[in-house]
Amino acid sequence: MKTLVLFYSFTGKTKDIAEKKAKELTADIEEILDEKKHSKFGAFLVGCPKSIMRKSWAIKPLAANLDGYEKIVILSPTWAGHPVPPVNAAIEKLPPGKKVEVVMVSSSGSTKDSTEGTKALIAAKGCEVTEYTDMRS
Ligand SMILES: Cc1cc2nc3c(=O)[nH]c(=O)nc-3n(C[C@H](O)[C@H](O)[C@H](O)COP(=O)(O)O)c2cc1C
């Protein structure tokens, strides 16, 4: 199955996990990049409220053509218990009909209060969430 590992990483931990995952699956890999640099202060002050509200912020155009993949593995750091704004921006770009695996990376290892909402967000794009995993960084 042609698979893309699509990830965002603010401090590098999710990047390490994504790279291992792509190797395991022999998948292509792409990092979601912010259009402008956000500070750690901005991540807490702006990023956390946006994460809770499931809002996006601007990301650079994706190089990969998502239409060309059967499965997309999305890895996100966890901010305020939720996927981060740049990952929400990437979810908005999902074409319908994809199998989507979600890996949430956090210091606590839990996103129990946002799991169902994240699955619903992806399902609303016409995609099937095949797996959802919480990983401690
Ligand atoms: C703004 C911000 C908010 C965070 N909120 C949470 C949280 O609610 N729960 C949690 O377990 N970890 C939280 N963390 C920790 C990160 O999810 C964790 O360190 C993650 O592995 C970072 O991934 P990265 O290095 O790829 O950016 C937060 C980190 C930041 C910077």
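For the range 42-137, run through the trypsin sites (Lys or Arg not before Pro) and keep only the ones in DSSP coil with at most 12 other Cβ atoms within 10 Å of their Cβ. The qualifying sites are Lys112. Checking every one of the GluC sites (Glu not before Pro) in the range 53-118 against DSSP loop status and a limit of 14 other Cβ atoms within 10 Å picks out Glu70.
If the chain linking Arg136 and Ile52 were pulled fully straight, counting 0.36 nm for each residue of separation and taking away their Cα-Cα distance, it would gain 28.3 nm. Available extension along the chain between Asp34 and Ser107 is 24.1 nm, counting 0.36 nm per residue and deducting the alpha carbon span. Determine which lysines satisfy two conditions relative to Lys125: a Cα distance under 16 Å, and not lying fewer than 8 residues away in the same chain. Counting by Cα, and skipping residues close in sequence, Lys125 has these lysines nearby: Lys55, Lys71, Lys93, Lys98, Lys99.
Percent of Cα pairs in the range 10-137 per distance bin of 5 Å, from zero to the largest separation: 2, 11, 22, 26, 23, 13, 4, 0. Considering only Val5, Met53, Thr130, the residue lying farthest towards the positive end of the dipole of the chain is Met53, judged by Cα position with unit charges set on Cβ. Contact order for the chain, expressed relative to its length and based on alpha carbon pairs under 8 Å spaced 6+ residues apart, stands at 25 percent. Rounded to the nearest 0.05, the FRET efficiency derived from the C-beta distance between Thr26 and Asn65 at R0 = 25 Å is 0.85.
Just rank Ser76, Ser56, Ser51, fewest to most, by other beta-carbon atoms within 10 angstrom.
Details: Ser76 29, Ser56 16, Ser51 23.
Arranged by neighbour count, lowest to highest, Ser76, Ser56, Ser51 become Ser56, Ser51, Ser76.
Rounded to the nearest 20, the size of the Cβ-charge dipole of the range 3-136 about its Cα centre is 400 debye, with Lys and Arg at +1 and Asp and Glu at -1.
Which GluC sites (Glu not before Pro) does the range 1-54 hold that lie in a coil by DSSP with at most 14 other beta carbons within 10 Å? Could you put the intermediate results ahead of the total?
Numbers: sites: Glu19, Glu24, Glu30, Glu31, Glu35; in loops: Glu35.
Hits after loop and neighbour filter: Glu35.
Entry note, the range 34-87: relative contact order of 49 percent, from Cα contacts under 8 Å with a spacing of 6+ residues.
No value in this document is a laboratory result; all are computed from the given coordinates. Because the structure is a prediction, the values reported are computed rather than measured. Note: ideal-geometry Cβ built from the backbone for every residue, glycine included; neighbour counts use all protein chains shown.
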